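Q: Pasting a structure here, questions to come.
Here, each number is a calculation from the coordinates, and none is a lab measurement. These numbers were taken from a predicted model, which means no experiment stands behind them. Note: ideal-geometry Cβ built from the backbone for every residue, glycine included; neighbour counts use all protein chains shown.
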Amino acid sequence: MTTCLYPGSFDPVTLGHVDIICRAARMFDTVVVGVLHNPEKQGCFSVEKRVDMLKKACRDMKNVEVIAYGGLLAQMTKDMGIRTVVRGVRNVADLENEMTMARINHQLNPDLDTVLLPASPENQEISASMVRQLASFGADLTPFVPPEVLPDVLAAFSK
């Protein structure tokens, strides 16, 4: 049985994230979506809320599980027996960053490999930070956020 980890902050989950999860779910028996808890970053949504939103967005994907984690990704994958990380790349800047992270993670856990999936053309410009900025100005988020979580995102920015 092959399992991969798709890690990220998912603050909030976007259609780009869901696309990568769907594609990974076709490639692996199990996709573990790991919601990063980074104490150095102040998220817009709590880790619990991000996990909840991802579970809503992925509820029809039977081979996807969503968890929260803290600490080093390389150690987490060792602890869980996961040997593959999946990451999405939208552009050259993402590629350079992900290549660096893949090399570091492999150095920390030599059994760990990283699979980089290019963003689908319709999702290349979507980022969680862009969604947060658009939401703060009251823009229509329908083209960027899964419909299952749209009410949660709108509620967070209506205050």
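Q: Would you calculate, for the chain, the mean residue ellipticity at 222 nm contributed by helices, counting each DSSP H stretch of 4 or more residues as -39,500 (n - 2.57) and dividing by all residues, to the nearest 500?
A: -12500 deg cm²/dmol
Q: A further question on this structure: Which ordering of Ile21, Ile67, Ile126 is given by a fewest-first count of other beta-carbon atoms within 10 Å?
A: In increasing order of surrounding Cβ atoms, one gets Ile67, Ile126, Ile21.
Q: Please give the length that would be gained between His37 and Leu95 if that part of the chain were fully extended, namely 0.36 nm times their separation in residues minus their C-alpha to C-alpha distance (nm, one decimal).
A: Stretched fully, the His37-Leu95 segment lengthens by 18.6 nm.
Q: Would you mind computing, in nm to one decimal, how far apart the modelled labels at Cys22 and Gln133 are, each placed 7 Å from Cα along Cα→Cβ?
A: 2.6
Q: Please list, in chain and number order, the residues 5+ apart from Val89 or on another chain whose amide H is under 5 Å from its amide H, with Hs placed from the backbone.
A: Leu117, Ala119
Q: Let me ask something additional. If exposed means no more than 16 neighbouring beta carbons inside 10 Å and the site is in a DSSP loop, what's the longest run of the chain without any exposed GluC sites (Glu not before Pro)?
A: My reading of the result: 41-124 is the longest stretch.
Q: For segment 1-88, what class follows from the C-alpha gyration tensor (a ≥ b ≥ c being the square roots of its eigenvalues): rounded when a/c is under 1.5, otherwise prolate if a/b is larger than b/c, else oblate?
A: It is oblate, given that a/c is not under 1.5 and a/b is not larger than b/c.
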